[in-house]
Amino acid sequence: MKKWSASRAPAGRVAYVNGRYLPFAAAGVHIEDRGLQFGDSIYEVFNILDGQPTDEEPHLDRMERSLRELGMTMPIGRAALKLVIREMIARNRMADCFLYLQVTRGAAKRDHVPPADGPRPTLIMTMRGQDKAGFAQRLEKGIAVSTQPDIRWGRRDIKTVQLLPNLLAKQAAKKAGAFEAWLVDDDGFITEGSSTTAWIVDDSGALVTRDLSNAILPGVTRQIMLAAAHDTQMKVVERKFTVAEALKAREAFLSSATGAAVPVVTIDGHKIGDGAPGPLTKRIRDLYVERSAPKKR
Ligand code: PDD
């Protein structure tokens with residue numbers, strides 16, 4: 001049988017599909033599921049630390065918003081959803097991992113028009129282990145970024161599974177020897193990474209990340225880091241920045257549920273700052289971890 005996962009980041013043994021906990025290899029959805037047929041589907045990624053979901057409420061808030069924007073509702077209540085997340089953590093016996101949650105509009109006869117009385121939505125969850133050694137190395141040494149044109153649709157604020165432009169950009173970045181792609185709009189401004197929020201430290205020493213609009217995903221990690229920065233009087237500005245400005249930034253980093261404040265040390269092969277992870281990147285990372293690390297209960 002085909003092996004599904006790289007050994008460094010194994011998949012959890014148990015998957016969840018619409019009320020059932022199934023062996024990972026046996027889990028599946030209907031062939032006419034609209035998530036598969038049309039990408040009619042949204043998702044969330046949770047960082048599970050020490051057996052607890054990190055930033056759970058803001059992720060669920062964003063999930064609810066994504067569904068609302070597409071005319072869908074939560075497939076089950078929030079309390080029930082939290083129970084399923086905990087049951088997945090327990091059944092998979094994975095204390096530190098990522099949990100992937102996806103909601104599709106459900107299975108229905110193929111028709112572009114979403115059915116008026118929507119079918120039952122499909123709710124699925126899977127888990128994946130973390131490449132801790134790789135992550136530690138990225139924090140210590142920093143990563144390379146490659147700029148790529150942002151060819152996505154006009155509602156990037158909705159966390160849909162329509163990720164083809166994102167994955168093609170990341171593939172191109174990888175080919176260029178980089179870890180992440182920073183996407184660039186038609187006016188030369190960086191929108192965000194292919195699966196991360198983009199940040200720089202500008203020449204006044206302020207943390208800068210793009211202001212929220214339909215052009216970017218409202219990152220949960222971004223939201224927590226902004227609140228932490230405000231609370232500690234770190235200088236922070238939400239505004240657009242160009243590739244040219246990023247190239248002469250003092251520091252650069254990216255954030256997501258899969259890694260808060262990961263230092264960026266080169267962009268398109270140009271050194272950022274002195275080419276090593278910077279002090280403000282570390283400071284905002286520490287502040288984030290302090291706020292978000294699950295407390296032992
Ligand atoms: N990606 N921007 C994009 C396009 C993203 O896909 C993500 C998350 C982020 C950061 O959002 P957050 O801080 O809420 O994780 C920004 C997830 C991790 C993924 O697709 O795997």
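Based on the convex hull around the alpha carbon atoms, region 135-292 presents an average projected area of 8.3 nm². Largest GNM mean-square fluctuation across GLY77, GLY275, GLY177, computed for the chain with C-alpha springs under 10 Å, falls on GLY77. Taking amide H as placed 1.01 Å from N in the peptide plane, VAL264 has its amide H under 5 Å from the amide H of ILE143, ALA252, PHE253, LEU254, each at least 5 places away in sequence or on another chain. What Kirkwood hydrodynamic radius, in Å, does the chain give when the mean of 1/r is taken over all pairs of distinct Cα atoms and then inverted? Roughly 20.1 Å, rounded to one decimal. Here the 3J(HN,Hα) profile of region 89-106, calculated from phi with Karplus coefficients 6.51, -1.76 and 1.60 at θ = phi - 60°, is 4, 5, 5, 8, 6, 10, 7, 10, 6, 10, 10, 9, 10, 9, 10, 10, 6, x Hz, Gly and Pro shown as x.
Per-residue 3J(HN,Hα) values for region 175-181, derived from phi via the Karplus relation 6.51 cos²θ - 1.76 cosθ + 1.60 with θ = phi - 60°, read 4, 7, x, 9, 8, 9, 9 Hz in sequence order (x marks Gly and Pro). Taking label positions 7 Å along the Cα-Cβ direction at both ASP117 and LEU164, the computed distance is 3.3 nm, reported to one decimal.
When you restrict to C-alpha pairs under 8 Å that are six or more residues apart and normalise by the size of region 147-189, the relative contact order lands at 55 percent. With the convex hull of its Cα atoms as the shape, region 6-129 has an orientation-averaged projected area of 7.6 nm². Taking every alpha-carbon pair under 8 Å whose residues sit at least 6 apart, the chain reaches a relative contact order of 18 percent. What the phi angles of region 67-74 give under the Karplus curve with 6.51, -1.76 and 1.60, with θ = phi - 60°, is a coupling list of 4, 4, 4, 9, x, 10, 10, 4 Hz, glycine and proline written as x.
For the listed residue pairs LYS82/LYS282; LYS82/LYS141; LYS132/LYS240; LYS141/LYS175, the alpha carbons are over 26 angstrom apart in LYS82/LYS282; LYS82/LYS141; LYS132/LYS240.
Using 7 Å Cα-to-Cβ label points, what is the ARG13/ALA227 separation (nm, one decimal)? Rounded to a tenth, the inter-label distance reads 3.6 nm.
Within the shell of other residues whose beta carbon sits under 13 angstrom from the beta carbon of VAL45, the net charge comes to 0, with Lys and Arg scored +1 and Asp and Glu -1.
Values quoted throughout were computed directly from the atomic coordinates according to the rules given, and no laboratory measurement underlies them. The structure displayed is predicted, hence computed values, not measured ones. Positions of Cβ are generated from backbone atoms using ideal geometry, with glycine treated the same way; all protein chains shown enter the neighbour counts.
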